[in-house]
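Here is the structure we will look at.
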Amino acid sequence: MKVDKELQLTVAPSPHLRSPDTVSGAMRDVIIALLPVTLVSIYWYKWHAIFLVLVCLAAAALTEILFRKVMKKPVTLNDGSAMVTGLLVALCFGPGTAWWTAALATFIGIGVAKELMGGLGWNRFNPALFGRLSVILIVPLFQYVTAAFTGMRPFIGTIDVATQATPLAMMKQGLYSGMPSLGQIFLAHPGGALGETSALALLLGGGYLLYKKHIDWHIPVSIIGTVAVMALLFGKNPLYHILVGGVLLGAIFMATDWVTSPVTPKGKIIFGICIGVLLMLFRLVLAPTEGTAFSILFMNAFVPFIDRLTKRPKFGEVPAAKAKTVATPVQPSVKSS
Amino acid sequence: MTVKTFERGVFLPHYKEFSEGQPISTISLPEEVVIPLHQHTGAPCSALVKAGDEVQAGQKIGESPAFVSACVHASVDGTVVAVEPRPYFTGTTVESVVIKVNPEQKEPRWPERDIASLSPEEIKAAIKEAGIVGMGGAAFPTHVKLSPPRSIDAVIINACECEPFLTCDHRLLVERADALVEGAKLIKRVVGAPKVYFGIERNKPDGIEAVKSIISGEKDMEVVSLEVKYPQGSEKQLIKAVMDREVPPGKLPFDVGVVVQNVSTAIAIYEACRYQKPLIERVLTVTGDGIARPSNLLVRLGTPIGFVIEQCGGFKDAAQVGKIIMGGPMTGWAQTRLDIPVVKGTSGILVFTHSMVVKSEYKACVRCGKCVDHCPMFLYPNYIGMYAETGRYNLAAEWGAMDCFECGVCVYVCPSNRPIVQFVRETKRQIAAARRK
């Protein structure tokens, strides 16, 4: 038998089949899932929202290119993760946010929390939340150079909605009478960050991610459930606590981030409950805002520990009680012919 | 009927349509066959012949005194032209007996005998003498597997054929169910089991019917219809599905009182006992999107895969051929040459065009957990991969690398295309090396 020199054979270890799932496909689906809430925020905030989103997307792309080039790594913009982070950062800010604040948050999120940690997969903290929280500490610095920056702020009209306090702040201050109705908050209500403008839109996005199997129910349900239980325990209206602020955005899109959440159902539920408890402590006792962001980021640090804590037994590694049934023949009475 | 299965695993595209309707056919003999002396798990055989010797089909040409070994036989009438190392499908070379095939082949005659009176020991001796190994791919010597150190209460005939593309066991179910049932009875007698189950994935309804019609009325035999899920045909997953017993880590099926045998193996056992026919040929599937005529063929062992491919009309278009795989697409071995011989464990030859070849490079783990969700052994392929990649093999072992049977599910589902099976193999090598020190 002659060896055919014409053949161009690929040699690779098994398996030789792959599912169609890719990281870039999943990122594309996350962007699709975020579209409804993005569109609602654009409906309310018009150019303010569009401008903020574009600034964050551009900052995300530029930051990733910059860090990859400096570290002499291939640029991986096509995996889509930078775009997801950019969009999520934009959704964490209110429409009146100065563009440099949002850009700086994106830069820190992608540059520091992701690329300096080794790139996608190696980051311990959710990049978007890391960026969002970092600027709370850093932005006051801008006041020393305000004059220079203020001139760089384009005027795109006044924001004609959301001139009042956000529902979350009102709730914190006990101003329940002035709050919009639950139904309105659920459907769409301006106030707060871009990503907080419609619970319905967020749930639609979450449903899409569930349908596409990019996330599963454990983390969102355990966070939301914990928030509801805690609210009831403290005599608050659980629906308000779920629907206002960043709970849904965080529970559906941030806490479920693949890289920074546990891998087993048990671990995910523990992770979700801890986030829910921390979040409610923040709301009820501490600061009025960013409780969700801080709780998720705080729990991100515990993910390796949770994975180890919830390590499941291997196939066949049964507890003693179950081992007894294994040793008993299943069909004891049938006689051989 | 209830459909049973195991936990986790993955639903793969079947790709069985290429060849499942093709009846088993025989092909002509090549000019030369190459019989590797080590095509099984265990000790290699020593050659019993030398260059220049005349051999007959069925003549024993290699043997080892070790218990865990399987003798090999000439698959044709011919002249030994060499006993030398030859390329083997795993990429190494193996000492092999090369036989030039005589143009005139004597009609092989296998003396028929009554199997009803054979004792377990006689059956086992016949199996050993025939050189039978597990023909599903593992190639573990069958007489060893049929010598369990404890009582057995069930035999499971593995007719899952869970690997996509492969259809040879399906065809055997349809065409040779009688021989299969006879073989199953012999296995049952050897191990003294009260019950035989035929585990068949339900995408083979004609196979299920064929076996059912033969065993109807026999209370100690039962067909179990199984979900079409990969790796249903892995022993531990099959035992879980059929009998709801879990083989503990590091243990074997007999530890839970079960013996599993593949369809082809059971038929070979029947032929070895009934006709004293050694294992010199097997049924395999030649398929894929790059082969002209997908087929199920009865092939003499030692036939070069290139010759088998030619007998199926060759490639559709040689320029488009991107990969040739021996075995199934999930656990098979990619080949670089066409003179590799068909051996006892060869269940298929797959010809993929370039469009089927996985080309993308792998990326960092994004910890999506899909591998954890799907791993049929409940391991943590994500951590195994991350730790092995960075050389921390002890940690990779701690997260389950040593219990992995390399089914490839984790790699299949991985969105980052990570070669976790390779990481597992490297971990096993490193841990074994560390233990030897």
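The values are calculated or read from the model by the stated rules, or taken from the named source; none is laboratory data. Just so it is clear, the structure is predicted and the values come from calculations on it, not from any experiment. FYI the Cβ positions are ideal-geometry reconstructions off the backbone, even for glycines, and counts take in every protein chain you see.
For the stretch B:399-411, the set of residues classified as touching a helix residue (DSSP H, G or I) at 6+ places or on another chain (Cβ under 6 Å) and in a helix (DSSP H, G or I) consists of B:Ala401, B:Val409, B:Cys410, B:Val411, listed by residue number.
The set of residues in the stretch A:199-217 being touching a Ser or Thr at 6+ places or on another chain (Cβ under 8 Å) and at pLDDT 95 or above consists of A:Leu209 alone.
Small (Gly, Ala, Ser) and surrounded by 22 or more Cβ atoms within 10 Å (Cβ to Cβ): does that describe B:Ser347? Spell out how you get there, then give the answer.
Numbers: small (Gly, Ala, Ser): yes; surrounded by 22 or more Cβ atoms within 10 Å (Cβ to Cβ): yes.
Against the criterion (small (Gly, Ala, Ser) and surrounded by 22 or more Cβ atoms within 10 Å (Cβ to Cβ)), B:Ser347 qualifies.
Closer than 29 Å to A:Gln8 by Cα, away from every other protein chain (no Cβ under 11 Å), crowded, with 21+ Cβ neighbours inside 10 Å and hydrophobic (A, V, I, L, M, F, W, C): does that describe B:Val409?
The answer is no for B:Val409.
Of the listed requirements (1) within 23 Å of B:Phe405 (Cα to Cα); (2) away from chain A (no Cβ under 14 Å), B:Lys240 misses just one: (2). Considering only the stretch B:380-398, state which residues are part of a loop (DSSP other than H, G, I, E, B) and more than 8 Å from chain A (Cβ to nearest Cβ). Listed by number, the residues that qualify are B:Thr390, B:Gly391, B:Arg392.
Checking each residue in the stretch A:264-284 for being within 25 Å of B:Phe378 (Cβ to Cβ) and surrounded by fewer than 24 Cβ atoms within 10 Å (Cβ to Cβ) picks out A:Thr264, A:Pro265, A:Lys266, A:Ile269, A:Ile270, A:Ile273, A:Cys274.
Candidates are the residues of the stretch A:293-322 that are over 30 Å from the mean Cα position of the chain (by Cα) and assigned to a loop (DSSP other than H, G, I, E, B); the one that is modelled with the lowest pLDDT is A:Pro319.
Taking the stated definitions as given, is B:Gly302 within 14 Å of chain A (Cβ to nearest Cβ), crowded, with 23+ Cβ neighbours inside 10 Å and touching a residue at least 40 places away in the same chain (Cβ under 8 Å)?
For B:Gly302, the condition - within 14 Å of chain A (Cβ to nearest Cβ), crowded, with 23+ Cβ neighbours inside 10 Å and touching a residue at least 40 places away in the same chain (Cβ under 8 Å) - is met.
Within the group B:Ile349, B:Ile325, B:Ile309, which residue is facing another protein chain (nearest Cβ under 8 Å) and not in a loop (DSSP other than H, G, I, E, B)? Answer to the selection: B:Ile325. Condition (residue is more than 20 Å from A:His214 (Cα to Cα), at the interface with another protein chain (Cβ under 7 Å from one of its Cβ atoms) and without any contact (Cβ under 8 Å) to a residue 60 or more places away in the chain) applied to the stretch A:16-24: is it met by at least one residue? Yes, there is a match, as at least one residue in the stretch A:16-24 is more than 20 Å from A:His214 (Cα to Cα), at the interface with another protein chain (Cβ under 7 Å from one of its Cβ atoms) and without any contact (Cβ under 8 Å) to a residue 60 or more places away in the chain. Across the stretch B:327-347, what is the total count of residues that are out of contact with any helix residue (DSSP H, G or I) (no Cβ under 7 Å at 6 or more places or on another chain), closer than 23 Å to B:Gly131 by Cβ and of a type in the set (A, V, I, L, M, F, W, C)? Going through the stretch B:327-347 one residue at a time, the tally reaches 2.
When you scan the stretch A:1-29, how many residues do you find that are part of a helix (DSSP H, G or I) and farther than 19 Å from B:Ala364 by Cα?
Adding up the residues that qualify gives 1.
Of all residues in the stretch A:114-127, those being at pLDDT 95 or above and part of a helix (DSSP H, G or I) number 1. For the stretch B:355-371, the count of residues that are part of a helix (DSSP H, G or I) and more than 11 Å from chain A (Cβ to nearest Cβ) is nonzero. Among the residues of the stretch B:412-427, those that are more than 9 Å from chain A (Cβ to nearest Cβ) and assigned to a helix (DSSP H, G or I) comprise B:Ile420, B:Phe423, B:Val424, B:Glu426, B:Thr427. Scan the stretch B:98-111 and tell me whether some residue there is at pLDDT 95 or above, buried (at least 23 other Cβ atoms within 10 Å of the Cβ) and over 30 Å from B:Lys4 (Cβ atoms). Yes, the stretch B:98-111 contains at least one residue that is at pLDDT 95 or above, buried (at least 23 other Cβ atoms within 10 Å of the Cβ) and over 30 Å from B:Lys4 (Cβ atoms). Scanning the stretch B:168-227 for residues being away from every other protein chain (no Cβ under 12 Å), farther than 25 Å from B:Phe11 by Cα and not hydrophobic (A, V, I, L, M, F, W, C) gives a total of 8. For the stretch B:232-240, the count of residues that are in contact with a strand residue (DSSP E or B) (Cβ under 6 Å, 6 or more places away or on another chain), among the small types (Gly, Ala, Ser) and within 28 Å of B:Phe378 (Cα to Cα) is at least one.
Name the strands (runs of 3 or more DSSP E) wholly within the stretch B:1-97 that hold at least 2 residues that are surrounded by 20 or more Cβ atoms within 10 Å (Cβ to Cβ) and among the basic types (Lys, Arg)?
none
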